[in-house]
Every structure is written in C-alpha cells, then in structure tokens.
C-alpha cells in the first residue's frame, strides 16, 4: 500500500487510508517483521532525546 499512500493528494484521504491499512490478511511473519523493526528503531533512538525538540 506504499503506492496508495504516495498517490494520495488529499490530507483527509491520507488519514483515512492510514487509519484503515489493509492488514487484515497479515500473518505471524508480517507482524514479527513489524515488531522487530519497531524494537530496532526504539533502541536506535533511545539515547537521542534531542529528536523530540523543535
């Protein structure tokens, strides 16, 4: 669904798409990859609190 996100021109349409991602048919493999990437990013930025500042 990367293509759909990049092609969306309307902010409201983009928000609706992001809130209803087509993940109904995901299995353990896809969820495991997503969780592993989230875990990696959490620790990659754990010691970099300045990225929160504006």
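Here is how the numbers come out for the structure above:
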{"read-out": "Residues of segment 41-54 satisfying the condition of being part of a helix (DSSP H, G or I) and surrounded by 10 or more Cβ atoms within 10 Å (Cβ to Cβ)", "value": "41"}
{"read-out": "Selection status of residue 14, surrounded by 10 or more Cβ atoms within 10 Å (Cβ to Cβ), touching a helix residue (DSSP H, G or I) at 6+ places or on another chain (Cβ under 9 Å) and assigned to a helix (DSSP H, G or I)", "value": "yes"}
{"read-out": "In segment 17-29, the residues that are closer than 19 Å to residue 5 by Cα and either part of a helix (DSSP H, G or I) or modelled with pLDDT of 95 or more (or both)", "value": "17, 18, 19"}
{"read-out": "First in segment 21-34 and exposed (fewer than 11 other Cβ atoms within 10 Å of the Cβ), second anywhere and in a helix (DSSP H, G or I) and modelled with pLDDT of 85 or more, Cβ under 8 Å, 6 or more apart", "value": "23/30"}
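The values are calculated or read from the model by the stated rules, or taken from the named source; none is laboratory data. Since this is a predicted model, take the numbers as computed values, not measurements. As a convention, Cβ positions derive from the backbone with ideal geometry for all residues, glycine included, and neighbour counts pool all protein chains shown.
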